[in-house]
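Notes to accompany the following structure.
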Amino acid sequence: MTAPAPAGTRTRDGAASVPRWLVLPALVGAGLIVLPLVGLAARVEWGSLPALVTSESALAALALSARTVAVSTLIVVALGVPLALMLARLDFRGMVVVRTLVLAPLVLPPVVGGLGLLYAFGRGGLLGDTFTLLGLDVAFTTAAVVLAQTFVALPFLVLALEGALRADGTRYEAVAATLGAGPWTTFRRVTVRRVWPALVAGTVLAAARALGEFGATLTFAGSLEGVTRTVPLEIYLQREMDADAAVALSLLLMLVALVVVAAAYGGTTRAARARTSSTSRGTS
Amino acid sequence: MSASVPERGIAARLVADPGRTVALLGPNGAGKSTMLAVAAGLLRPDDAHVRLTGDAELVCQDQRAWVPPHRRPLTLLTQDASLFAGMSVLDNVAFGPRAEGLSRRHARAAARDWLDAVGLAGLASSRAETLSGGQAQRVALARALATAPAVLLLDEPFAALDVDAAGAMRALLAQLLRDVTVVMATHDLLDAAMLADDVVVMHDGAVAERGPLSEVLARPRHDFTASLVGRGLVRRDDGTSIAPRPSQVRVTTAHATLASGGGVTGAVRRVEAHADAVRIWVEVPGGRLGADVDPLTVDPRVLTPGTTVTCVVADGVESYGSSAA
């Protein structure tokens, strides 16, 4: 019992067992997800890759995507953090309705979202006349791309952050208040610090979702090179004309996706583990 | 300071005099924590009053006024230290002064003094989440005192600590709280006995009795207070009460005493084991008496609940007025 464990062995959790026959569907599921990624990587013309991703149209799309995603991510954080805070902390009638509506873009087909944007902010839409009077014509401009990306990405941040805020509760905020900290100081120095991992994960996921945005952008912003043709739109266009170029850009997005998932979920998993271990240490 | 909460079945008035420590003594569920949360502004019942008098004159809550928690010169320390994780110990203590508007440097200087006062200056740069429970609670105390509260509210400050840490914390509080106005909720008689000047006993959401520590503990007027100090309490027809210690009550089985006379007869309600004796509680007219039974004179095996016994209270047990003086 007390003999030192030989190097390389570890103690496993004896209770962690799974029904053996579930292994097969699990493997099929993993394969279904992994195979397309492998397929894409196998199709890449590695020799011409640098030339393909630095072509004029590819560079224009990449630059546009980088710009729009940066702006829409900033807007997502600026609007999503207050929204998540209200949903988590306020208790008002109609709250369920508000949350349902706010989170709808998560499951809404992006094309439908694009149509909605068009009839809200486009010419002749709900706010279109107001915008026209102000000399703004949003539809089919870069601003429309940012709007479309914000529309689909915002719920990702709100969902992640609201959950974290609810789970964390208001105990520390109450402590800060009795120590004389006003709501803004408490939010800045206590709340944000406590939900930081969720805020980072939510932001990264929202940025990734904005980067991949296709349907709503195409519907609301169109596909103008250098103006509204982001990387996903460029990939779809090139698919017919130059499959190699499409594959090269796809590979780029795939790499971004892998990095994002590793950063967002790897980070939260580590944080969760750290929290679990610190809790068990605290109670021992 | 005074606070009352008619909601939640709690109708209690609590008054803390400047510079004194009031122990809010009562069992779990008596409404002690609710009273403190209302005083701090963390709960807002429709019909509560919280008022500060003296130097820090302020109506915190009445029918019209409402002052949010961060504008009240009250600080609440609970059984859970609730230190801010991810901050250093020093910055935890500096949190209050910083929120008050002090510069980082001045706030940290003040925090260092308070850390020193609780004997943890050496941990200033440690991260809050690495401390033991006892250390964390002392840091939480320093953090609370660093805000220089007009009233410090303590809600079961020792409940989550082990025996040694609780003892150290009690000693620390006894030394640091001499000039601070304190309201301390506790279910533990020892906390009150060691720290309080005045005692308010709460039972079922109401104040059972109140007064200076020695008066309340030596002359209990409520059954709960008597049981808390481990004494019996009998109210007599002439308006006086006696509260003898179990060691001051001799018990004999009923028929044996007919000869000697005197004493009161009652039924055994409860039998407890104590270090060197068997303690029984006897229901007698006007109240309850505790008695330590010497196994050599009475066979404890016959003292099952329901048995009729006669209690003789020793001479010299003080009798006092049943209602508060």
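Values quoted throughout were computed directly from the atomic coordinates according to the rules given, and no laboratory measurement underlies them. Predicted, not measured: the structure shown is a model, and the values here were computed from it. No Cβ is skipped: glycine too gets one built from the backbone with ideal geometry, and neighbour counts run over all protein chains shown.
Pick out, in residue order, every one of the trypsin sites (Lys or Arg not before Pro) in the stretch B:25-131 that is DSSP loop and has at most 13 other C-beta atoms within 10 Å; say none if there are none.
Qualifying residues, ordered by number: B:ARG64.
Stick to Cα atoms and the Kirkwood definition of Rh, then tell me Rg/Rh for the stretch B:144-282.
My calculation puts Rg/Rh at 1.08.
For the stretch B:135-218, which trypsin sites (Lys or Arg not before Pro) are in a loop by DSSP, counting at most 13 other Cβ atoms within 10 Å?
B:ARG178
What relative contact order, as a whole-number percentage, does the stretch B:2-222 give when Cα pairs under 8 Å and 6 or more residues apart are counted?
About 30 percent, as a whole number.
If the only charges are +1 at each Lys and Arg Cβ and -1 at each Asp and Glu Cβ, what is the size of the charge dipole of the stretch B:211-325 around the Cα centre, to the nearest 20 debye?
With Lys and Arg at +1 and Asp and Glu at -1, about 220 debye.
Compute the FRET efficiency between A:ARG123 and A:GLU225 as 1/(1 + (r/R0)^6), taking r as their Cβ-Cβ distance and R0 = 30 Å, and round to the nearest 0.05.
Efficiency for this residue pair is about 0.85.
Toward the positive end of the charge dipole of the stretch B:81-144, about the Cα centre and with charges on Cβ (Lys, Arg +1; Asp, Glu -1), which of B:VAL139, B:ALA94, B:ALA81 goes farthest?
With unit charges placed on the Cβ atoms, the residue in question is B:ALA94.
Around B:GLY266, with a cut-off of 13 angstrom between Cβ atoms, what is the net charge of the other residues, counting Lys and Arg +1 and Asp and Glu -1?
Net charge around B:GLY266: +2.
For the stretch B:108-190, count the residues as N, evaluate 2.2 N^0.38 Å, and divide the Cα radius of gyration by that value, please.
After normalising by residue count via 2.2 N^0.38 Å, the value is 1.06.
Given H placed on each backbone N at 1.01 Å, which residues far from B:VAL199 in sequence or on other chains put an amide H within less than 5 Å of it?
Here the answer is B:ALA23, B:GLY211, B:LEU213, since their amide H atoms fall under 5 Å of that of B:VAL199.
Points 7 angstrom from Cα along the Cβ direction at A:VAL23 and A:MET254: gap in nanometres?
Between A:VAL23 and A:MET254, the simple spin-label model gives 2.8 nm.
What's the average, rounded to a whole number, of partner chain beta-carbon atoms within 10 Å of each residue's beta-carbon in B:77-85?
3
In nm, give the distance between the simple-model label positions of A:LEU101 and A:LEU115, each being 7 Å from the Cα along the Cα-to-Cβ direction.
Taking the two extended label points, one gets 2.0 nm.
Would you mind working out the magnitude of the charge dipole of chain A relative to its Cα centre, with +1 at each Lys and Arg C-beta and -1 at each Asp and Glu C-beta, to the nearest 20 Debye?
The calculated dipole for chain A is roughly 1560 debye.
Under the √(5λ) rule applied to the eigenvalues of the Cα gyration tensor, what semi-axes describe the equivalent ellipsoid of the stretch B:1-147? Give them in Å, descending.
Value: 31, 18, 13 Å, ordered largest first.
Take the alpha carbon gyration tensor of the protein assembly as shown, find the square roots of its eigenvalues, order them as a ≥ b ≥ c, and report rounded if a/c is under 1.5; if not, report prolate when a/b exceeds b/c, else oblate.
It comes out prolate by the Cα gyration axes.
Cα centroid distance between the stretch B:69-98 and the stretch A:39-96, in Å?
Their Cα centres are 39 Å away from one another.
Could you give the nm distance between label points at B:THR307 and B:ALA275, where each point is 7 Å from its Cα heading toward the beta carbon?
My value for the distance between the label points is 2.4 nm.
Between rounded, prolate and oblate, where does the stretch A:17-136 land on the alpha carbon gyration tensor, with a ≥ b ≥ c its root eigenvalues, rounded for a/c under 1.5, else prolate if a/b exceeds b/c?
Here the stretch A:17-136 falls in the oblate category.
Given the options A:GLY182, A:LEU161, A:LEU218, identify the residue whose Cα lies farthest towards the positive end of the charge dipole of the protein assembly as shown (+1 on Cβ of Lys, Arg; -1 on Cβ of Asp, Glu).
A:LEU218
From the residues B:THR34, B:GLY119, B:ALA65, which one has its Cα farthest along the dipole of chain B in the positive direction, the dipole being from +1 and -1 charges on Cβ of Lys/Arg and Asp/Glu about the Cα centre?
Most positive-ward Cα: B:ALA65.
Can you give me the P(r) profile for the stretch B:230-321? Cα pairs, bins 10 angstrom wide beginning at 0, each as a whole percent.
17, 54, 25, 3
Sort chain A into rounded, prolate or oblate with this rule: let a ≥ b ≥ c be the square roots of the eigenvalues of the Cα gyration tensor; rounded if a/c is under 1.5, and if a/c is not under 1.5, prolate when a/b is larger than b/c, oblate otherwise.
Oblate, because a/c is 1.5 or more while a/b does not exceed b/c.
For chain B, report the convex hull volume of the alpha-carbon atoms normalised per residue, in Å³, without decimals.
Enclosed volume per residue, from the Cα hull, is 155 Å³.
Where nothing but the Cβ of Lys and Arg (+1) and of Asp and Glu (-1) is charged, how large is the charge dipole of chain B around its Cα centre, in debye to the nearest 20?
It comes to approximately 580 debye.
Just the number, please: percent antiparallel of the DSSP beta bridges in the protein assembly as shown, rounded to the nearest 5.
70 percent
When you look at the Cβ of every residue in B:96-102, what mean number of other chain Cβ atoms sits within 10 Å?
Neighbouring Cβ atoms belonging to other protein chains average 4 per residue here.
What 222 nm value per residue comes from the helices of the protein assembly as shown, counting each DSSP H run with n ≥ 4 as -39,500 (n - 2.57) and dividing by all residues, nearest 500 deg cm²/dmol?
-15000 deg cm²/dmol
Which of the chymotrypsin sites (Phe, Trp or Tyr not before Pro) across the stretch A:147-246 are loop residues per DSSP, with 12 or fewer other Cβ within 10 Å?
Sparse-neighbourhood loop chymotrypsin sites (Phe, Trp or Tyr not before Pro): none present.
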